[in-house]
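Peer 1: A single structure is presented below for examination.
The values are calculated or read from the model by the stated rules, or taken from the named source; none is laboratory data. Quick caveat: nothing in here was measured; it's all calculated off a predicted structure. Backbone-built Cβ (ideal geometry, glycine too); neighbour counts: all protein chains shown.
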């Protein structure tokens, strides 16, 4: 079995592992590694990346969000409203 080359992100608090996979074949291999290791899984899923995920992968940072009136700083020229 060839090794899984993608970077794996570990979230200990939520007990979640996330990795970029090439599709169902990679997911099947990942499931086999867990089964052979005797590690029980609660869930295993495959999702398509969002546009934000693609942007982060290509640029190395998240897209900047435009400020809306709800998120804008409530101060104008140092005077708060």
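Peer 1: Go through the stretch 11-29 and give me each residue that's at pLDDT 85 or above and either at positive phi or loosely packed, with under 11 Cβ neighbours inside 10 Å (or both).
Peer 2: If the condition is that a residue be at pLDDT 85 or above and either at positive phi or loosely packed, with under 11 Cβ neighbours inside 10 Å (or both), then 11, 12, 13, 14, 15, 24, 25 are the ones that fit.
Peer 1: Right, another one. Could you check the stretch 6-24 and list, in sequence order, the residues that are part of a strand (DSSP E or B) and within 16 Å of residue 47 (Cβ to Cβ)?
Peer 2: Step one: filter the stretch 6-24 for residues part of a strand (DSSP E or B), giving 8-11, 16-19.
8, 9, 11, 16, 17, 18, 19, listed by residue number.
Peer 1: Output the residues belonging to the stretch 30-56 that are within 18 Å of the chain's Cα centre (by Cα), without any contact (Cβ under 8 Å) to a residue 24 or more places away in the chain, surrounded by 10 or more Cβ atoms within 10 Å (Cβ to Cβ) and not in a loop (DSSP other than H, G, I, E, B).
Peer 2: 52, 53, 54, 55, 56 - these are the residues of the stretch 30-56 that are within 18 Å of the chain's Cα centre (by Cα), without any contact (Cβ under 8 Å) to a residue 24 or more places away in the chain, surrounded by 10 or more Cβ atoms within 10 Å (Cβ to Cβ) and not in a loop (DSSP other than H, G, I, E, B).
Peer 1: A further question on this structure: Quick one: in the stretch 30-81, which of the residues that are more than 17 Å from residue 9 (Cβ to Cβ) and touching a strand residue (DSSP E or B) at 6+ places or on another chain (Cβ under 8 Å) is modelled with the lowest pLDDT?
Peer 2: Among them, the one singled out is 81.
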